[in-house]
Amino acid sequence: MDLRYVKAEKKDADLLINIYNAAFYDDYVKYGECPAYGKTREKMEASIEKFPKLIIFSEDYPIGAISVVDRGDGEYYLGCLCIIPEYQGKGIGTLAFHYMLDSYCNWKKITLVTPADKEENIKFYTEKCGFIVNGTEMDGNVKVAHFLLER
């Protein structure tokens with residue numbers, strides 16, 4: 001699959017809102033809340049500034065996004081890796097994750113969180129990306145799992 005990654009700018013806020021809303025709608029319905037769903041333009045613009053994002057394109061169609069925060073000293077936080085539903089299950093998330101690893105070649109440690117009962121996420125991050133589950137906690141009314149990947 002021919003993927004292209006484009007650094008998001010503030011002008012891309014509406015596009016990212018559409019991608020996030022498509023990718024996280026089921027979470028919003030299931031949990032009654034989802035920090036990535038329903039962002040305002042202003043909140044997405046602020047998020048773009050604070051948490052660098054890449055828009056994932058298949059040909060010229062935007063199909064997902066990845067957001068990574070550099071915490072310094074080789075530690076990164078994977079804030080978001082989302083693919084719109086009609087493109088899920090095609091290996092795109094795995095390709096995007098490996099693209100991120102290649103982009104941050106100095107990485108020593110990567111962390112992320114996801115709902116603890118989302119079996120497809122747990123399987124993806126452990127089996128496809130090599131993470132281990134490193135604990136759980138409640139975040140509002142959602143139990144989340146913490147993931148860790150070290151080298």
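For this structure, a couple of remarks:
- Residue tally, condition crowded, with 19+ Cβ neighbours inside 10 Å, more than 18 Å from GLN88 (Cα to Cα) and among the small types (Gly, Ala, Ser), over the range 1-35: 2
- Residues in the range 7-30 that are under 23 Å from SER103 (Cα atoms), within 15 Å of the chain's Cα centre (by Cα) and of a type outside the set (Val, Ile, Thr): LYS7, ALA8, LEU16, TYR20.
- If the condition is being closer than 18 Å to ILE92 by Cα and more than 16 Å from the chain's Cα centre (by Cα), then the range 120-151 contributes only GLU127.
- Restricting the range 36-46 to residues that are in contact (Cβ under 8 Å) with a residue 12 or more places away in the chain and closer than 19 Å to ASP139 by Cβ, the residue that is surrounded by the most Cβ atoms within 10 Å (Cβ to Cβ) is ALA36.
- Search result, residues across the range 1-28 that are assigned to a helix (DSSP H, G or I), modelled with pLDDT under 95 and either touching an Asp or Glu at 6+ places or on another chain (Cβ under 9 Å) or closer than 13 Å to ILE48 by Cα (or both): ASP27
- The range 49-61: number of residues that are out of contact with any helix residue (DSSP H, G or I) (no Cβ under 6 Å at 6 or more places or on another chain) and either in contact (Cβ under 8 Å) with a residue 40 or more places away in the chain or among the aromatic types (Phe, Trp, Tyr) (or both): 9
- Matching residues, the range 29-55, being in contact with a strand residue (DSSP E or B) (Cβ under 6 Å, 6 or more places away or on another chain) and outside any loop (DSSP other than H, G, I, E, B): TYR31, LYS53, LEU54, ILE55
- If only residues of the range 128-145 that are in contact with a Gly (Cβ under 8 Å, 6 or more places away or on another chain) and not in a helix (DSSP H, G or I) are counted, the one that is least open to solvent (accessible area, probe 1.4 Å) is ALA145.
- Close pairs (7 angstrom Cβ cut-off, 6 or more residues apart or separate chains): closer than 12 Å to LEU149 by Cα and free of Cβ contacts under 8 Å to residues at least 12 places away in the same chain in the range 89-116, open to solvent by 90 Å² or more (accessible area, probe 1.4 Å) and not acidic (Asp, Glu) anywhere: none
- Verdict on LEU148 being in a strand (DSSP E or B) and surrounded by 20 or more Cβ atoms within 10 Å (Cβ to Cβ): no
The values are calculated or read from the model by the stated rules, or taken from the named source; none is laboratory data. Computed from a predicted structure; not experimentally measured. Ideal geometry is used to build each Cβ from the backbone, glycine not excepted, and the neighbour counts take in all protein chains shown. Side chains included, ligands, DNA and RNA excluded: accessible areas come from the protein's heavy atoms. Shrake-Rupley method; radii C 1.70, N 1.55, O 1.52, S 1.80 Å.
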